[in-house]
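Have a look at the structure below, then the notes.
The values are calculated or read from the model by the stated rules, or taken from the named source; none is laboratory data. Only a predicted model underlies this, so the values are computations on that prediction, with no experimental measurement involved. A quick note on method: Cβ atoms are made from the backbone with ideal geometry, for glycine too, and the neighbour counts reach across all protein chains shown.
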Amino acid sequence: RKRIQRAIPDEFLKSIREEDPSVEVVVDLSDNFITDLSSSLTTFTNMNLVLVDSDITSPAPEELCDTDHTGWTAGMVGQVRDGGALNACNAILCPPGSYNKDGRLSVTTGCNVCTSCTTFGCTSCIDETPTNGNKVCEILNKLFTKISGRTWYNNGNWLVVGKDRCDY
């Protein structure tokens, strides 16, 4: 799997955009080091772009969440907007300071508060007050999150809230 370590370029999927921007496009770029979304993505009206846990620090362009983009994230942008969500863009990625197991808002699952999530699209939350007070566990959990530990072959027991001790 190739890692992307920059903003999504304007040329991303350019040939599809030019041919038929209404075609359904599914792209999984999760667990990368993407910093920003290209505004060129706004030409797509029916895209499921999975970007969770990708270190994104800038919000999705607001145009992706308007009434012309109801097909985004398998239609979830339109569904949450129609359901009264304050920010339909949260259906693309939960904002910093929150998380969701899917990294984005849905009609059934919200973005939960988590101060340890500092980027868009967090899928887990580090327990900020470990029950055993073990700072080593806290530091290791932060390291695991920062360097995409979810992609490790042996990643069991990491980020398990409520563990009594640091047992990886």
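Data table
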quantity: Within region 33-66, considering residues that are in a strand (DSSP E or B) and free of Cβ contacts under 8 Å to residues at least 60 places away in the same chain, the one nearest to VAL23 (Cα to Cα); calculated: MET47
quantity: Top-ranked residue of region 29-68 - restricted to ones that are β-branched (Val, Ile, Thr) and touching a helix residue (DSSP H, G or I) at 6+ places or on another chain (Cβ under 8 Å), ranked as nearest to GLY121 (Cα to Cα); calculated: THR42
quantity: Scan of region 5-28 for residues that are in a loop (DSSP other than H, G, I, E, B) and touching a helix residue (DSSP H, G or I) at 6+ places or on another chain (Cβ under 6 Å), ordered by number; calculated: ASP10, PRO21
quantity: Options THR119, THR73; residue that is among the polar types (S, T, N, Q), within 18 Å of LEU37 (Cα to Cα) and outside the structural domain of SER40 (by TED's automatic domain parsing); calculated: THR119
quantity: Candidate set from region 33-60 (those that are touching a strand residue (DSSP E or B) at 6+ places or on another chain (Cβ under 9 Å) and polar (S, T, N, Q)); member that is surrounded by the most Cβ atoms within 10 Å (Cβ to Cβ); calculated: SER54
quantity: Top-ranked residue of region 140-155 - restricted to ones that are free of Cβ contacts under 8 Å to residues at least 24 places away in the same chain and part of a loop (DSSP other than H, G, I, E, B), ranked as nearest to PHE120 (Cα to Cα); calculated: ILE147
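Rundown of residues vs (1) touching a residue at least 12 places away in the same chain (Cβ under 8 Å); (2) of a type in the set (D, E, K, R), yes/no style:
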{"site": "ASP68", "(1), (2)": "yes, yes"}
{"site": "TRP72", "(1), (2)": "yes, no"}
{"site": "ALA91", "(1), (2)": "yes, no"}
{"site": "TYR99", "(1), (2)": "yes, no"}
{"site": "GLY103", "(1), (2)": "yes, no"}
{"site": "THR109", "(1), (2)": "no, no"}
